[in-house]
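The values are calculated or read from the model by the stated rules, or taken from the named source; none is laboratory data. On a predicted model such as this, the values are computed, not experimentally measured, just so you know. Every residue, glycine among them, receives a Cβ derived from its backbone with ideal geometry; neighbour counts consider all protein chains shown. Ligands, DNA and RNA are excluded from the accessible area calculation, which covers all protein heavy atoms including side chains. Shrake-Rupley method; radii C 1.70, N 1.55, O 1.52, S 1.80 Å.
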Amino acid sequence: GAVVSQHPSRVICKSGTSVKIECRSLDFQATTMFWYRQFPKQSLMLMATSNEGSKATYEQGVEKDKFLINHASLTLSTLTVTSAHPEDSSFYICSARDPSEGQETQYFGPGTRLLVL
Amino acid sequence: DAKTTQPPSMDCAEGRAANLLCNHSTISGNEYVYWYRQIHSQGPQYIIHGLKNNETNEMASLIITEDRKSSTLILPHATLRDTAVYYCIVRVGNAGNMLTFGGGTRLMVKP
C-alpha cells in the first residue's frame, strides 16, 4: 500500500511556542489529507480536512487560527500548532487518500506525539 | 455514515483465530465496511474492506452477513504483534471524505 510519513515523530516544546508537523505522501499524490488528534485511551478525532490549493475545512470546535493547515503541494500538508499549551499535548496523525486506487482507502502516517510543557 | 458497534475488548490465544465482530444495522446500500487497526503509539493501518461479498487478503478475512447488518474480521492465526485496537468503519466508497472512528475493539493476543 501507499506510504505516508510524518515529521517529527515526537516533539517537546515550551508553552507559548509554535510547532509545525509535516505530513507527506511518499509514493502518490494526495489532493486531500486529513488531520486527526488522539488523546490517551481515546479514539481518533478528526480535526480538519486539508485540500491542496485551497483552505482547510475544520471540524466544529477546532480553532482554525490555532491549528494552521497548509497544503501547498500534492505531497505535503503541514499542521502548525500556534501558541501551544499543555492541553494541546496529544498524538497528531495525518492520513491521505491515494486517488489512483479504485476504492476509498486511506493511508495513515505514523503519528507525531506532542508534549507541551 | 452508518454507526457501528463493537465489543470494547477481547482476548485471543496466540496461534488461534481471532474473530472480531462489528454491528452496523443501519448500513445503507452504498456503504462499505472498512477495517483498520492501530497498534499502540502508531497510526492506524488499513486491513481490508468489502461491500457485500466476503473478502480475503494477506492480513485477514472479512465476512459480511447477507443482510449486511454485521460483519466479522477474522485473523486466522493471531500473533502477539496483532495486539491492537481494531476499528470497524462504515462509509460510502469514493466519497473522498474522512473516516469516523468509534471506540474499536482492543484485541489482546496472549501467549
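Per residue, the range B:36-75 exposes 52 Å² of solvent-accessible protein surface, assessed with a 1.4 angstrom probe and all protein chains in place. Amide H contacts of B:Arg16 (H built 1.01 Å from N, in plane; Pro and chain starts excluded): B:Ala78 sit under 5 Å, all sequence-distant by 5 or more or on other chains. Surface analysis of chain A yields an accessible area of 49 Å² per residue, using protein heavy atoms and a 1.4 Å probe. Note on exposure: B:Met10, A:Met33 ranked by accessible area (1.4 Å probe, complete protein assembly) read B:Met10, A:Met33, with the most exposed listed first. Proximity of backbone amide H atoms, modeled 1.01 Å from N, is registered between A:Ala48 and A:Trp35, A:Glu59 at under 5 Å, excluding neighbours fewer than 5 places apart on the same chain.
Ligands, DNA and RNA excluded, the heavy atoms of B:Thr100 present near 80 Å² of accessible surface to a 1.4 Å solvent probe. Close amide-amide hydrogen proximity is noted between A:Cys94 and A:Tyr36, A:Gly109, A:Gly111, each under 5 Å apart and 5 or more residues distant or on a separate chain (H modeled in the peptide plane; Pro and chain starts excluded).
Spin-label model, A:Leu76 to B:Asn30: label points 7 Å out along the Cα-to-beta-carbon direction sit 3.7 nm apart.
Taken over the C-alpha atoms, chain A has Rg and Dmax values of 13.5, 44 angstrom. With just the Cα atoms defining each centre, how far is the range A:12-88 from the range B:44-111? Give it in Å. So the separation of the two Cα centres works out to 26 Å.
When Rg and Dmax are taken over the Cα atoms of the range A:70-117, they come to 13.8, 44 Å. Taking the accessible area of chain A, probe 1.4 Å, and keeping the other protein chains in place, the carbon and sulfur fraction comes to 52%.
Might you report the magnitude of the Cβ-based charge dipole of the range B:43-111 about its Cα centre, with Lys and Arg at +1 and Asp and Glu at -1, to the nearest 20 debye?
Here the range B:43-111 has a charge dipole of around 200 debye.
Would you kindly derive the ³J(HN,Hα) couplings of the range A:59-67 from the backbone phi angles with the Karplus curve 6.51 cos²θ - 1.76 cosθ + 1.60 (θ = phi - 60°), listing them in order in whole Hz, with x for Gly and Pro? With the stated coefficients, the range A:59-67 comes to 6, 4, x, 9, 7, 5, 7, 8, 10 Hz.
The candidates A:Tyr36, A:Tyr58, arranged from most to least accessible area with a 1.4 Å probe in the full protein assembly, appear as A:Tyr58, A:Tyr36. Quick check: at a probe of 1.4 Å, how many percent of the accessible area of chain B sits on carbon and sulfur atoms? Percent of accessible area from carbon and sulfur atoms in chain B: 50. Note on chain A: with a GNM built from Cα contacts shorter than 10 Å, the maximum mean-square fluctuation among A:Ser25, A:Ser54, A:Ser77 falls on A:Ser54.
Rounded to the nearest 100, the interface formed by chains A and B buries 1600 square angstrom of accessible surface, both chains summed, with a 1.4 Å probe. Compactness of the protein assembly as shown was expressed as the Cα radius of gyration divided by 2.2 N^0.38 Å, which yields 1.03.
Evaluating 6.51 cos²θ - 1.76 cosθ + 1.60 at θ = phi - 60° for every residue in the range A:31-41, the Karplus couplings come out as 6, 10, 10, 10, 10, 10, 10, 9, 8, x, 6 Hz, glycine and proline recorded as x.
Mind ranking B:Glu66, B:Glu55 by accessible surface for me, highest first, 1.4 Å probe?
Heavy-atom accessible area, descending, gives B:Glu66, B:Glu55.
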